[in-house]
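Have a look at the structure below, then the notes.
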Amino acid sequence: MTTESEGPVYGLLGRTLGHSYSPKIHALFGAYEYRLFEVEPEDVEEFVLHGDYAGINVTIPYKETVMPLCDELSGAARAIGCVNTLVRRPDGTIYGDNTDYYGFSYLVDRAGVDLRGRKALVLGAGGASKTVCAVLRDRGVREIAVVSRNLLGSGFNTIEDHYDADIIVNTTPVGMYPNCPDSVIDLEPFTRVGEMRGGHRDGLYAVLDVVYNPAVTGVLAQAEKLGVPCAGGLSMLVAQAKRASEVFRGACIDDACMERVLARVAADMRNIVLIGMPGGGKTTIGKLLAERLGRTFVDVDELILQAAGKPIAEIFEQDGEKAFRRYETDVTQQVCRESGLVIACGGGVVTRPRNYDLLHQNSTVVLLRRPLELLACDGRPVSLSKGVAELERQRGRIYEAWADIAVENDATPDVAVQRIVAAFADGAEREEVEVRG
């Protein structure tokens, strides 16, 4: 099933792992080989007992499956009832641990969430849910309600019983890449509860999601809009990987190193999306920026042309602007769920509110501000029909509201690229694991 290796092999066991950032994270923690092991359910036992590995992490859907295959369990694994880290000892026996407990604890601490005395609603009943519930109990949560599709049989059909929850934690894979920005739940009813109890609002206090890709899942995007503090799962992923690396190698890694790894992975995951007026240089600057950063460049207008099979001007002429905007949203959804790209958007991407969530789910949005007299209008149907001054009047405030970073593009493209790079170096980029709201 696996090939022999000269040195110890570590890795991640799961069924579908194309989205995983674990190899990148473990490479930053130490110089050891870390592979992805995609194994079908019927082969899991054979792999765990006889596979070529020194230590592995375990993810969906095998965290409970591997537990009875262990010769010894840590106290945390035994108490929680699931395992996400296996170590093959020199005598061939298998030791099972749960480093997700450490990871979720770190997420809670880093987000500054005070769990004491609150009611928590946990979505999902798998291995991640068990770990989250253990942390919640140990942190003094007053009440825990676990709701899952499997337990209820037909969706979240008793969710209204828990509209008084203070904290919601999503432990399901709903909303995970590539099925983003799907959301597991509608948060709005939880924010309508306004009674006071125990010194805090008897409504939503925080929303946490163990999913880390995309950075802003559908449920987190809604929490942001509702003004509810929220945090995604990247800090949990990095923290549990740090603890797993310690278990694998019997070495200690300090928290400062973990924060550096977290910052590096967060930056690498984020797309850089360029928005701004038509003719503002997004494509030219995007190509230069991608080359400078060693990233892949994607032009949304070019993808629209490929999808429609005809030039943009013909789409407007033959099908109308509404048809073009539908193409634009479809392409934006496809490309912005990816990671680590430089993406140039058309000037009108901000005209459809839905595109806001698509752009921000895994990206830092950069506004290129260019003086109106320098904008190019040739071949741009909307600029020619409405005029750049009218477009700027209609869209200017939206550009500013959607942008995480704004950069002046009033000189050469190289200068604009330098300004973008400097803005990121100055820490202007949002961190997806930071509590927002």
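Look at the alpha carbon pairs under 8 Å that are at least 6 residues apart: their mean separation over the length of the chain gives a relative contact order of 13 percent.
Excluding ligands, DNA and RNA, the accessible surface per residue across segment 286-416 is 48 Å² with a 1.4 Å probe. Inter-label distance, ASP410 to LEU49: 7.2 nm, where each label sits 7 Å from its Cα along the C-beta direction. By the rule of a C-alpha distance below 13 Å, with chain neighbours fewer than 8 residues away ignored, the aspartates and glutamates paired with LYS310 are ASP301, GLU302, ASP319.
The angle between the Cα long axis of helix 282-293 and the main principal axis of the chain comes to about 40°, on a 0 to 90 degree scale. Label 7 Å along Cα→Cβ of PHE424; segment 231-269 residues with amide nitrogen under 12 Å? Hits in segment 231-269 for PHE424 at 12 Å: 264-269.
Listed cross-link partners LYS130/LYS242; LYS119/LYS225; LYS24/LYS119; LYS225/LYS282 are compared with a 25 Å cut-off, the Cα-Cα value being larger for LYS24/LYS119; LYS225/LYS282. What the pair-distance distribution of segment 289-411 shows, using all Cα-Cα distances binned every 5 Å from zero, is 2, 10, 20, 23, 22, 17, 6, 1 percent. Using the Cβ-Cβ distance between ALA401 and ASP161 with R0 set to 35 Å, the FRET efficiency from 1/(1 + (r/R0)^6) comes to roughly 0.45. Which percent of the Cα-Cα distances in segment 389-429 go past 13 Å? Value for segment 389-429 (Cα pairs over 13 Å): 61 percent.
For the pair ASP182 and ASP114, label points projected 7 Å from Cα toward Cβ lie 3.7 nm apart. For the chain, carbon and sulfur atoms together expose 48% of the accessible surface, with a 1.4 angstrom probe and every protein chain in place. If both residues of a DSSP beta bridge must be in the chain, then about 20% of such bridges are antiparallel. Per residue, the accessible area of segment 51-173 comes to 38 Å², computed with a 1.4 Å probe over protein heavy atoms only. Projecting label points 7 angstrom from Cα along Cα→Cβ for THR93 and ALA79 puts them 2.2 nm apart. Pairwise inverse Cα distances across segment 172-295, averaged and inverted, put the Kirkwood hydrodynamic radius at 17.7 Å.
Pairs of alpha carbons in the chain separated by more than 38 Å make up 31% of all such pairs. Amide H to amide H distances under 5 Å link LEU274 with ILE343, ALA344, CYS345, VAL366, where only residues 5 or more positions off or on other chains count and H is placed in the peptide plane. What percentages, rounded to whole numbers, describe P(r) for segment 263-307 computed over all alpha carbon pairs with 5 Å bin width beginning at zero? In order of increasing distance, the bins hold 5, 19, 27, 22, 17, 7, 3, 0 percent.
In summary, the convex hull built on the alpha carbon positions of segment 228-289 has an orientation-averaged projected area of 7.1 nm². Note on GLU72 and LEU226: the extension gain reaches 50.9 nm, defined as 0.36 nm multiplied by sequence separation minus the Cα-Cα distance.
Let me cross-check ASP114: its accessible surface, 1.4 Å probe, with only protein heavy atoms counted, in Å² to the nearest 10? Answer for ASP114: close to 60 Å² accessible.
Taking each residue as 0.36 nm, the span from CYS257 to THR351 lengthens on full extension beyond its C-alpha to C-alpha distance by 29.6 nm. Per-residue ellipticity at 222 nm computed for the chain from its helices equals -11500 deg cm²/dmol, with DSSP H segments shorter than 4 residues left out and the rest contributing -39,500 (n - 2.57).
The values are calculated or read from the model by the stated rules, or taken from the named source; none is laboratory data. What you are looking at is a predicted structure, and each value in this text was computed from that prediction instead of being measured. For neighbour counting, all protein chains shown are included, and Cβ atoms are generated from backbone atoms with ideal geometry for every residue, glycine included. Accessible surface is based on the protein model in full, side chains and every heavy atom, while ligands, DNA and RNA are left aside. Shrake-Rupley method; radii C 1.70, N 1.55, O 1.52, S 1.80 Å.
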